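See below for the structure under consideration.
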Amino acid sequence: MIKVKNVLGMFVAASLLLSSMVVSASDKDTLVMANFRDLRDLNPHLYGGELFAQNLLFEGLIFLSEDGEPEPWLAESWEVSPDGKVYTFKLREDVTFSDGVRFDAHAVKKNFDAVLDNGARHGWLESVRMMTAIEETGKQSVRVKDDFTLEIEFSAPYYPFIIELGVTRPFRMLSPACFKDGTTRNGVACLSGTGSYVLEMNRVDEYSEFVRNPNYWGESPSIEMIVAKVIPDNQARLMALDNGGIDLLYGLQLISPQAFKQFSEKKGFAGALSGPVSTRMLVLNTTSENLRDVRVRRALQHLTSKELISERIMLGLEAPAHALFSRSIPYADIDLEPYQYDQSAAEKLLDEAGWVKSGQVRSKDGKPLEITLTYDTNKVMERTIAQFLQSEWSKAGVKLNLVGEEEQAHRDRLMAGNFDISFNISWGTPYDPQSFLSGMLKPVYGDYAAQQGLAEKQRIDETILKAVAAVDEDERQAHYTYILETLHREAVYLPLTYERNRAIFNSRVGNVGFNPSQFEIPLQFMTLQ
C-alpha cells in the first residue's frame, strides 16, 4: 500500500510540475484556476460542457444580476402580452459574434429553432414544450418582426421564461456559421459566441486557455487570459493553490469547509462565501421495498440531526435545512412543521411499521432493515455525511450501505430509478422553485423515479403545470403551497443544509463574487493585482 501511495504521489507531483510548465499563476494578466475535469462538449444548446466555460463564450438575451433580477443583455428591452403568452424582444444593434457574423433577430431565431429541433432533449423545460405546441399547429413560435425585433409565442402563459433566458443553457447564442446542417443537435462546427472571451486552446485533460474577445461589444474584462487546469484529485488541487500553481478554486463541490477555513485564515490567501443558494438533501425512493411505508421515511427524518451536520461537518458554513426550499425562495415562505431530531419518535415509527429491533439491525418478516445510500465521489462532502448517517442511523437498528461512484454512473442510476436513497440538491437560485419542480415531471433526474410510489403523484404533476401557467399570483402561490406541503408530508426529501457557494484564492485575485446560479463562475468580473 505504501508503494502504491508513493507512486500515486509521484504521479500527482509530476502532473503538477507539467502543468506549472505551461503557465505560472504569477504570470501577469493571467488567472489560473483548476477544475476536476476537461471542458468536454461546449455546444451551448446541450448539457455536456463545463458551465464556467460556456458562460465565458456565450451570452443570452437576459442577464441575471447577483440578486437574481433580470437585466438587459443581448436584448435591450422586452414586453409580455396581457395574457402572458407572447414575449417581444428588442435586440442590441451593435453586436457581432466572435467570427464576425452579425448578431440580429435572424440569428436568434436560428438558435431558438435549433433548440426546438432537439425538443425531446429539453423536455424538462416547459417553455420548450409550449413553443413546440405552437409549432405543431403549423404556426411559427419564434418570429422575426424586423432585423432587431423578435417575438416568441407560447401555447399557454409561462411566467418563468425571462428567468430561463438568463441561465447558461440552452438559450445562449451561437454564431449560425457554427451550425451543422442548419442545426446543433448533432454537434457544432465551431464555438463562436458573443461573449467576453474566446477559447484559444484546449489540450484535453490537461488545460484550456481563454483570451479576451477583441471585438466584444460591452466593457472588456480586466483579465487578459484565463487558464483552466485539469486536476482531478482534491488534495492535488489544494497543493497547487498552496504552492502557487493556481490562483483560484471555485465551487462548493470542490472546496470542503475545512479547506475553506484553512485558506480563508492563511496569510496570502482569502475566501469568499455566497448567501444560501440551494438545498443539500437526500431523496428517498418511495418505490424501494424498505422505503414504501411513509412511517419509515419519517423515521429517517427524525434520526437525522441537521444541526450536527451543520456544526461538525459543515463547520457552521451552511445552516440546517428543515424544508425542501429555504423560505427565501419565491413561493416557499410557508409554514411546514420540521421533523425534529428525535430518536424515540423515530423508533416508535419503525415499531409501528413492523420493523422489530431484536439485535443490531431491525427486521420484518425475516428481512433486515437494510438501505443503500449512493453518492457522487467527485463531491467532496457527500462521503463524509454518508458515513455520519451510517453511524447515527445504526443506533436505531437501520443498516445503511454506502455506494460511491463516478458522476455519469451516478446520474444513470438516478434516471433509471435504481436506488434507495441518494444525495440530491435543489437546483438553487434562479432555478428554484419553478425549474426544479418542473424537472420532477420527466425521468431526467432521480426525483421522478423517487415519487412514483406516491398516491398523489399525478396530482402533484398536474399542479406543477398549473403553477407555472398561473397568471394570478394568489393562484400560483396556492399551487406551490399544495406541492411543497405534500412532498413534506410524504417525507420524500430529507433536507440537510442550505448550501452556500464558496471560493478560495491567493491575494492577487480581486472582485471574486457569485452569480445567482451556483454552477456559474463570474470570471469576467474578476481582477488581478
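The values are calculated or read from the model by the stated rules, or taken from the named source; none is laboratory data. These numbers were taken from a predicted model, which means no experiment stands behind them. Every residue, glycine among them, receives a Cβ derived from its backbone with ideal geometry; neighbour counts consider all protein chains shown. Each accessible area value is taken on the protein alone, full model and side chains, heavy atoms only, with ligands, DNA and RNA left out. Shrake-Rupley method; radii C 1.70, N 1.55, O 1.52, S 1.80 Å.
At-a-glance table
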| quantity | calculated |
| --- | --- |
| Segment 184-248, relative contact order [Cα under 8 Å, separation at least 6], % | 23 percent |
| Where labels lie 7 Å past Cα in the beta-carbon direction, separation of E337 and W217 in nm | 5.5 nm |
| Inter-site label distance for L273 and V403 at 7 Å from Cα along Cβ, in nm | 3.5 nm |
| Hz values of 3J(HN,Hα) by residue in segment 449-455 - Karplus curve (6.51, -1.76, 1.60), Gly and Pro given as x | 5, 5, 8, 5, x, 7, 4 |
| R121-E311 pseudo-label distance in nm [points 7 Å out on the Cα-to-Cβ vector] | 4.9 nm |
| Calculated log₁₀ intensity ratio I(q)/I(0) where the Debye formula runs over C-alpha points of segment 422-494, q = 0.11, 0.17 Å⁻¹ | -0.25, -0.61 |
| Alpha carbon centroid spacing (whole Å) that separates segment 166-203 from segment 92-108 | 13 Å |
| Too-long pairs where the Cα-Cα distance tops 24 Å, listed order kept, from K261/K379; K139/K457; K85/K139; K229/K379; K85/K110 | K139/K457 |
| Per-residue ³J(HN,Hα) for segment 323-340, Karplus 6.51 cos²θ - 1.76 cosθ + 1.60, θ = phi - 60°, Hz, x for Gly and Pro | 8, 4, 10, 4, 5, 7, 6, x, 6, 9, 7, 10, 7, 10, 6, x, 7, 6 |
| Extended-chain gain in nm, criterion 0.36 nm per residue less alpha-carbon gap, E370 and Y159 | 71.6 nm |
| Dipole-positive endmost among I483, V468, N515 within segment 457-529 (Cβ charges, Cα centre) | N515 |
| Å³ per residue enclosed by the Cα convex hull of segment 72-209 | 127 Å³ |
| Calculated diffusion of the chain, Stokes-Einstein form, Kirkwood radius summed over Cα pairs, 25 °C and 0.890 mPa s, µm²/s | 99 µm²/s |
| Segment 81-192, relative contact order [Cα under 8 Å, separation at least 6], % | 34 percent |
| Estimated vicinal HN-Hα couplings, Hz - segment 243-259 in sequence order (Karplus 6.51, -1.76, 1.60; Gly, Pro = x) | 9, x, x, 9, 9, 9, 10, 9, x, 5, 7, 9, 10, 6, x, 4, 5 |
| Reciprocal of mean inverse Cα separation for segment 175-311 (Kirkwood radius, Å) | 20.1 Å |
| Paired Rg and Dmax values of segment 480-520, which use every Cα atom, in angstrom | 17.3, 50 |
| Alpha carbon convex hull of segment 393-529, volume per residue in cubic angstrom | 177 Å³ |
| Peptides ranked, highest mean first, by Cβ atoms within 10 Å: ranges 331-341, 167-177 | 167-177, 331-341 |
| The chain: relative contact order as a whole-number percent, Cα under 8 Å and 6+ apart | 20 percent |
| Spatial separation of Cα centroids for segment 272-310 and segment 111-137, in angstrom | 34 Å |
| The chain - percent of accessible surface contributed by carbon and sulfur, probe 1.4 Å | 50 percent |
